[in-house]
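The structure appears right after this line, and notes come after that.
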Amino acid sequence: MPAPDDRRQQMFDLVRRWRESGQSARVFAQEQGVTPWPLYYWRQRLAGEQRGKARRRHQHRSAPPVSLAPVEVVTSEGEAGQSDVEILLASGDRVRVKASVSVEVLRRVVEILRTPC
């Protein structure tokens, strides 16, 4: 009887060959001398393992946690009733952005502020 890791790898390889074949599980399984049910089972296991690897890669690359700072909302009417946005950083620096700025520009400013120097 093969070792559990060997069996697992064999079944993952079988599932990959099945997916690449484009055949139904029934036809492929019949050609391989197995029932379709192990193909379904191991397809789910393989998908779960791939999701886990992708999640771990994403967590590894993610930015360090951002510490939150108190926010104070101050309204001061500008042009045509629009208010500017002021961001007060934990360092005490202030960043003012006109209310007319596009969402994309504001998003980029926030990304830049989150990037360590």
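Taking every residue in region 1-24 that is under 16 Å from Gln50 (Cα atoms) and pairing it with any residue that is surrounded by 12 or more Cβ atoms within 10 Å (Cβ to Cβ) and of a type in the set (D, E, K, R), at least 6 positions away or on another chain, the pairs with Cβ-Cβ distances below 7 Å are Val15/Arg43. Residues in region 26-38 that are within 19 Å of Gln50 (Cβ to Cβ) and among the small types (Gly, Ala, Ser): none.
Readers should treat all values here as calculations from the given coordinates under stated rules, not as data from a laboratory. Not measured: the values here are computed from a predicted model. Every residue, glycine among them, receives a Cβ derived from its backbone with ideal geometry; neighbour counts consider all protein chains shown.
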